[in-house]
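Read the figures in this text as sums done on the coordinates, not as results from a lab. Values in this document were obtained by computation on a predicted structure and should not be read as measured data. All Cβ positions, glycine included, derive from the backbone under ideal geometry; neighbour counts span all protein chains shown.
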Amino acid sequence: MLAAIGVSSIEELFARQIPEAVRLRRALDLPAGMPEQDVYAHLRELARRNVSCEEELSFLGAGMYDHYVPAFIDMLMERSEFLTPYTPYQPEISQGGLQVMFEYQTAICELTALPVSNASVYEGPSAAAAAAYLAKLHNGRSRLVVSAGMHPHTIETLRTHAHGYGMEVVEVALSGGVTDLVAWRGAIDGDTSAALFAQPNFYGAVEDAQALSDAAKDSAGEDAPVVVCQVDPITLGILRPPGQCGVDVAVGEGQALGNRLDFGGPSFGLFAAREEYLRRMPGRIAGETVDVDGRRGFVLTLQTREQHIRREKATSNICTAQALNALGGVAYLAWLGRRGIVELGELLLARTHYARDTLTAIDGIDALHTQPAVRELAVRLHADVAAVKARCARAAVNPGVDVQALTGREEDRGGLLVAITEQRTRADIDRLAQTLGAAVAAEREAVAV
């Protein structure tokens, strides 16, 4: 093999391909090998360090949520015809997978009130980055205006991708928990390619999506920017869908739709848009057709934007569609049904309202904002959040996410983001209030001493 490619040794091959500055020049610092049974014992010990939502009362959220997953979803996702196939390039043997994609796209279009959906992308933040690139291809502009209410991981992803796109990211601050409309309007100009906000935002607040969309398009001149809304699909049972609010592209994290937490993934990203953006959307789009005998069938209608087809001319480098996880999403939506997703949203709204009233009645805990919230609320603790969380953990309660630890913003000091799902009952919320209140009081007393 070396002779065939014209080198005399492995070392010469590496020398030609790998710059000297990045070569390690020493053996990897790895422990000695272990017998199989010792490896098993070691991995078992590592696994014991993890704590699941079944072992503690968890109010963690910020993008990943502990929703109930019906047993039939796991059964479907573990069937070999869905679990083992990778890409459905041969429609004659991939009808089941292609139909799943088609039904998934239909469900996402109905949820978002947008006419076109792809068959999913990798996860939520990369979906937002792909939408930003779509905007650049569409209007050729170089600025991304981003609400500070978007998830900090999404903003970080946008900044990383924007560097490669040759684009600038301008962040608009919040006012009263939501995007400052005056600052938003002022930040958007004729060089703005896309304006991005979240609904609800990272702090749980419901944004005025129509006002943000209208302001973006009014401020951008003739070629209006692409307005991107990062949506929480669970809330679309009760919130006005983005397609009815002037939004051009809706993206989001799909984990809450029938996918478990699983210590960080995998999940899937949803991506829907107006028809004018169809040919610049990332990933695959499955379509319905008929065969030569007039029978209903499914095919990959559009995939010509991907790099395995168009190479350097590709408008998308997304190949991993997470179709198996999207199967869980469409099965979950079918299980809920049109009425079920509304009832779930109403339940979350009521419990979130109860949690906010209960927690803010405690001495040392205030609301971080007073905006409407659907399934997540932000409070401010008058104590060190990390220390309070540690005290709660000893009582087998995880009270939520340390906001400042994720955003790095000084104004978020003391912020705690509390997520409510249908798994958290009123009794669970009462237990959270008791545990969190005691932890805040104890920490304030310890600091005072």
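Cβ-Cβ distance of Ala71 and His353, R₀ of 41 Å, FRET efficiency by 1/(1 + (r/R0)^6): the value works out to about 0.85. With the simple model of a label 7 Å out from the Cα in the direction of the Cβ, Met34 to Glu410 spans 4.6 nm. One decimal place: the segment His42-Arg426 gains 134.3 nm when fully extended, by the rule 0.36 nm per residue minus the C-alpha distance. Which stretch or stretches of segment 97-139 have amide N atoms under 17 Å from the point lying 7 Å from Glu81's Cα along the Cα→Cβ direction? Within reach of a label on Glu81: 97-104. Sorted largest first, the spans of the alpha carbon positions of segment 71-332 along the three principal axes are 57, 40, 31 Å. A Gaussian network model of the chain, with springs between Cα atoms under 10 Å, assigns the largest mean-square fluctuation among Arg375, Arg274, Arg338 to Arg338. Under the simplified labelling scheme, the Leu13-Glu171 pair shows an inter-label distance of 4.5 nm, with each label point 7 Å from Cα along Cα→Cβ.
Residues whose amide H comes within less than 5 Å of that of Ser175, counting only those at least five positions distant or on another chain, are Asp180 (H built at 1.01 Å from N in the peptide plane).
Counting only whole DSSP H helices of the chain, the ones at least 24 Å long by C-alpha along their axis and with mean Kyte-Doolittle hydropathy no lower than -1.0 are 95-112, 323-360, 426-448.
Out of all DSSP beta bridges in segment 71-332, what portion is antiparallel? Express it as a percent rounded to 5.
That works out to approximately 45 percent antiparallel.
Remark: Ser142, Ser58, Ser9, Ser126 ranked as Ser9, Ser142, Ser126, Ser58, counting other beta-carbon atoms within 10 Å and listing the fewest first. Can you tell me how the chain classifies by the Cα gyration tensor, rounded, prolate or oblate, using a/c under 1.5 as the rounded cut? In terms of gyration-tensor shape, rounded. Multiplying the residue separation of Glu288 and Ala396 by 0.36 nm and subtracting their alpha-carbon distance yields 33.9 nm. Using R₀ = 25 Å, calculate the FRET efficiency as 1/(1 + (r/R₀)^6) where r is the Cβ-Cβ separation of Asp191 and Arg274; round to 0.05. Calculated transfer efficiency: 0.70. The gain in end-to-end length when the Arg23 to Arg49 segment is fully stretched comes to 5.9 nm, 0.36 nm per residue minus the alpha carbon separation. The ranking of Tyr86, Tyr133 by Cβ neighbour count inside 10 Å, starting from the fewest, reads Tyr86, Tyr133.
From Cα pairs below 8 angstrom and at least 6 apart in sequence, can you work out the relative contact order of the chain, rounded to a whole percent?
Result for the chain is 19 percent.
Here the residues Asp29, Asp248, ranked from fewest to most Cβ neighbours within 10 Å of their Cβ, fall in the order Asp29, Asp248.
Rounded to the nearest 0.05, the FRET efficiency derived from the C-beta distance between His163 and Glu445 at R0 = 56 Å is 0.75.
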